[in-house]
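The values are calculated or read from the model by the stated rules, or taken from the named source; none is laboratory data. Please read all numbers here as calculations on a predicted model, not as lab measurements. Please note: Cβ atoms are built from the backbone with ideal geometry, for glycine as well, and neighbour counts cover all protein chains shown.
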């Protein structure tokens, strides 16, 4: 009985450790991913806004699109280095 509990406990610990490591590997850039989510949200809000801003809305959309491109490039760079 004692051996079964020990084996079970070791399997639980191994499962938790592997889950933790898999989580770390898949989300190595949590702040960059969060920034990307926020930028996508900002882009959606700008798309929904009325176009009566004297060209500033369009410029903001272009800047957000550029920022999204750079954040993605940073994530890709970090994944390969």
When the residues of the range 57-81 are narrowed to those that are loosely packed, with under 11 Cβ neighbours inside 10 Å and over 17 Å from residue 35 (Cα atoms), which ends up modelled with the lowest pLDDT? 81
May I ask you to say which residue of 18, 39, 46 is assigned to a helix (DSSP H, G or I) and modelled with pLDDT under 95? 18
